[in-house]
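The values are calculated or read from the model by the stated rules, or taken from the named source; none is laboratory data. Source: prediction; values computed, not measured. Backbone-built Cβ (ideal geometry, glycine too); neighbour counts: all protein chains shown.
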Amino acid sequence: MKPAAFDYIVADSLEAAVAALAGAGGEAKIIAGGQSLVPMLNFRLLKPSVLVDINRIPGLAFIKESEKTIEVGALTRHHQIETSPVIAKHLPVLGCAMTHVAHLAIRNRGTIGGSLSHADPAAELPMLALLLDASLEIASASGRRTVAARDFFLAALTVDLNDGDIVTGITFPKLPAKTGWGFEEVARRSGDFALAAVAATLTLSGGAIAQARIAMTGVGPTPRRAGDAEALLTGKPLGPDLIEAVIKLVRAGVEPESDLHASADYRRHLAGALAGRAVAAAWRRAQGKTA
């Protein structure tokens, strides 16, 4: 199939883009990489009257380091994150996750802002935004606002964006010292959507876990944190019994759905197994060992 007819506007500034969105009365869509949008247009799951191309807007493709944060522009491509020395040094779990996003051709075109705004239930980047306590910068004709990742993802393919809003960037706090990470994913084939994926970070102090973070995708309509498991880990050294307890808590805390790719029970099993592996890898890395 081919898309329904639409008007095409190339915006050369953020002001022009938000003005075009505002003038379309809710009938416009933003196109950047187009890796998620174009298939939906072709299947006519979306029929916007206007496409606003933001690729020529300067200043939206960047990775910037400050003392405490890493800022990433909305037009930054997945492959830039994957290969960035700044990301590798300060947010290695994010760089690792990007290697699991589809195929290289898609990572070369797909944008960070597009992935976050699309919020596919199996996507890696929304999960990492949640794991790393990121915040998103959003612009519209009425001004700018900042939304925490934990408040941004509302339902499957649904986020806290109004019709005239554009995600302009995302800010990640740097990981604390003595923090290890783990990332685990299962897909049918390399480049396929994740049946389930889990990422974890553990920050150590005095031989025990001072802070634990576990995030999951593919096990519900939105990415989610394993709060009960995080609380259980905090204040303890990691051992086999604690890993088993985390696995049980993770499985008890998710309610995945069955589809043609996997049953709910299989996804629940995967969530626990992957959480155990990710936490164990994070513990080893936090101790300075090779995961």
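List of remarks:
- In region 18-35, the residues that are surrounded by fewer than 19 Cβ atoms within 10 Å (Cβ to Cβ) and touching a Ser or Thr at 6+ places or on another chain (Cβ under 7 Å): Glu27
- The residues of region 155-186 that are surrounded by 20 or more Cβ atoms within 10 Å (Cβ to Cβ), of a type in the set (Gly, Ala, Ser) and more than 17 Å from the chain's Cα centre (by Cα), listed by number, are Gly164, Gly180.
- Residues considered: Val279, Val254. Of these, the only one that is within 20 Å of the chain's Cα centre (by Cα) and surrounded by fewer than 22 Cβ atoms within 10 Å (Cβ to Cβ) is Val254.
- Criterion applied to Ala199, Ala148, Ala231, Ala208 was being under 14 Å from the mean Cα position of the chain (by Cα) and exposed (fewer than 14 other Cβ atoms within 10 Å of the Cβ), and the one residue passing it is Ala148.
- For region 93-113, filtered to residues that are among the β-branched types (Val, Ile, Thr) and without any contact (Cβ under 8 Å) to a residue 60 or more places away in the chain, the residue that is surrounded by the most Cβ atoms within 10 Å (Cβ to Cβ) is Ile112.
- The listed residue being in contact with an Asp or Glu (Cβ under 8 Å, 6 or more places away or on another chain) and not acidic (Asp, Glu), out of Val50, Val38: Val50
- Leu238 falls short on exactly one of the conditions (1) free of Cβ contacts under 8 Å to residues at least 40 places away in the same chain; (2) buried (at least 21 other Cβ atoms within 10 Å of the Cβ), and that condition is (1).
- Positions within region 122-143 being in contact (Cβ under 8 Å) with a residue 24 or more places away in the chain and more than 21 Å from Thr201 (Cα to Cα), in sequence order: Glu137, Ile138, Ala139, Ser140, Ala141
- Remark: Arg189 falls outside the filter, which requires a residue to be touching a residue at least 60 places away in the same chain (Cβ under 8 Å), under 24 Å from Cys96 (Cβ atoms) and either surrounded by fewer than 18 Cβ atoms within 10 Å (Cβ to Cβ) or under 21 Å from the mean Cα position of the chain (by Cα) (or both).
- Test for Leu60: is it surrounded by 15 or more Cβ atoms within 10 Å (Cβ to Cβ), assigned to a loop (DSSP other than H, G, I, E, B) and in contact (Cβ under 8 Å) with a residue 60 or more places away in the chain: yes
- Any hit, region 100-107, residues being within 30 Å of Pro176 (Cβ to Cβ), part of a helix (DSSP H, G or I), modelled with pLDDT of 95 or more and under 24 Å from the mean Cα position of the chain (by Cα): yes
- The set of residues in region 16-51 that are assigned to a strand (DSSP E or B) and without any contact (Cβ under 8 Å) to a residue 40 or more places away in the chain comprises Lys29, Ile31.
- Residue ID - surrounded by the fewest Cβ atoms within 10 Å (Cβ to Cβ), chosen from residues in region 123-145 that are more than 18 Å from Ala197 (Cα to Cα) and among the aliphatic types (A, V, I, L, M): Ala141
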